[in-house]
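Below is one structure, written out as structure tokens; the observations come after it.
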Amino acid sequence: MKIRNMLVAASLLAVSGVAQAAYPSGPITMVVGFSPGGTADSTARILAEAMGKVLGQSIVVENKAGANGNIATSYVARAAPDGSTLFVTSIGHAVNPAMYRNVNYDPVKDFTPIGR
């Protein structure tokens, strides 16, 4: 019985590997909504280096400071949803729509979280 379960699991893994596209399929940009040298930027650079080693590809950290992260957030919300643009944010991502009259994004619908 154990061998049968292992064979089923192995076949499922093999099929799922065929169905998935290779990630990343192109360059990756990690956008930070704050200026270089701060906590968010430092965290992004450490993450980018570690992720780059795992993925076998360099990840460019791009700072788009201003408006408590709204400039970067709007930029990322308009980016193609293909996984090539990642976003390092702060609590401002959730708070900004209540603080600013016009934000060009929906903090829930326009983003997909991939980590904490």
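The values are calculated or read from the model by the stated rules, or taken from the named source; none is laboratory data. Keep in mind that this is a model prediction, so the values were computed, not measured. Ideal geometry is used to build each Cβ from the backbone, glycine not excepted, and the neighbour counts take in all protein chains shown. These accessible areas exclude ligands, DNA and RNA; they are computed on the full protein's heavy atoms, side chains included. Shrake-Rupley method; radii C 1.70, N 1.55, O 1.52, S 1.80 Å.
Considering segment 60-91, and only residues there that are among the hydrophobic types (A, V, I, L, M, F, W, C) and part of a strand (DSSP E or B), the residue that is most open to solvent (accessible area, probe 1.4 Å) turns out to be V60.
Candidates are the residues of segment 24-50 that are without any contact (Cβ under 8 Å) to a residue 24 or more places away in the chain and polar (S, T, N, Q); the one that is least open to solvent (accessible area, probe 1.4 Å) is S42. Total residues in segment 50-75 satisfying the condition of being over 14 Å from P27 (Cα atoms) and within 14 Å of the chain's Cα centre (by Cα): the figure is 4.
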